[in-house]
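One structure is given here, and the rest of the page talks about it.
The values are calculated or read from the model by the stated rules, or taken from the named source; none is laboratory data. Computed from a predicted structure; not experimentally measured. As a convention, Cβ positions derive from the backbone with ideal geometry for all residues, glycine included, and neighbour counts pool all protein chains shown. Just the protein is used for accessible areas: all its heavy atoms, side chains included, with ligands, DNA and RNA removed. Shrake-Rupley method; radii C 1.70, N 1.55, O 1.52, S 1.80 Å.
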Amino acid sequence: MASHHALLPLPWVSSVSCVCMVAVAALLASTPAAASRALAGTGDPTVGFTAVRLSERNFVVQRPYDVPSGDQYSFHGGVRQLWVLSSDKPHDRHSNTSPRTEIRMTGYDYSSGVWQFEGYGYVPSGTTGVSVMQVFGAGESATTLMLHVYDGALRYYDRQVVEDNIYDRWFRLNVVHDVDASRLTVFVDGVEKLRVAGRGGDSHYFKFGVYAQNHASSFMESRWKDIRIFRKHY
């Protein structure tokens with residue numbers, strides 16, 4: 001004969017399940033992946049950082065050396081628009097690098113600590129084969145990090161995809177460089193998308209704009225607004 005006790009409601013089950021679910025949630029929240037998910041949509045990678053003071057003197061434009069000052073760059077309504085042609089000259093007469101129109105952030109070169117770049121970027125469709133942001137300075141190469149655009153995808157150099165479908169929309173970009181830990185973390189729209197090791201170097205600074213890479217389109221453009229630099233104080 002079946003036991004009647006098996007049919008009785010067990011009110012304590014729901015409360016125990018609730019406690020277990022809370023415990024599991026707390027455990028998941030302690031992991032980097034869960035922290036990244038928690039940032040989705042509303043995350044702020046700048047929490048714990050202090051913004052440095054910036055003026056226009058900190059924004060130095062690098063453009064093809066034969067282009068008149070004021071060309072291939074505009075700053076109107078808070079938006080910095082930078083463009084370059086694949087047929088343009090380098091930024092310096094004695095350089096053999098590819099064409100670029102970039103902004104080199106000055107006044108805050110760093111060699112230690114934790115620093116962060118933040119900006120809202122926009123890449124028009126058709127722009128490809130181009131670097132739009134970099135952390136300059138490394139041990140055996142020029143850069144510690146470069147973010148390239150290839151066919152609408154933001155990539156770590158020409159390797160893994162950081163963010164897909166970035167054409168024709170504003171995206172929030174945060175790049176955190178922990179020099180002492182030799183680690184870089186990239187956030188797009190508040191979500192952690194990339195974490196990679198540093199590449200050495202004694203001095204670093206941030207750059208953004210357009211810098212031709214392999215298989216560059218004939219015309220390259222990016223737009224930026226609300227550029228900020230942060231550092232972490234302990």
**Asked** For the stretch 63-203, what % of the accessible area comes from carbon and sulfur atoms, probe 1.4 Å?
**Response** 43 percent
**Request:** Kindly sort LEU85, LEU145 by accessible area of their heavy atoms, largest first, with the probe set to 1.4 Å.
**Result:** LEU85, LEU145
**Asked** If you average over every viewing direction, what projected area does the convex hull of the Cα atoms of the stretch 59-103 give, in nm²?
**Response** 3.1 nm²
**Test item: Cα-centred dipole of the stretch 175-228, Lys/Arg +1 and Asp/Glu -1 on Cβ, debye** = 100 debye
**Size descriptor, Kirkwood hydrodynamic radius, that averages inverse alpha-carbon separations across the stretch 80-126, Å** = 13.8 Å
**Request:** Report TYR156's accessible area, 1.4 Å probe, all protein chains in place, as a number in Å² to the nearest 10.
**Result:** 20 Å²
**Message:** Over the stretch 75-230, what portion of Cα pair distances is larger than 20 Å, expressed as a whole percent?
**Reply:** 45 percent
**Message:** Out of the chymotrypsin sites (Phe, Trp or Tyr not before Pro) in the stretch 60-95, which ones are loop residues according to DSSP with at most 14 other C-beta atoms within 10 Å?
**Reply:** TYR65
**Asked** Using a 1.4 angstrom probe and counting only protein chains, how large is the accessible area of TRP224 in Å², to 10?
**Response** 0 Å²
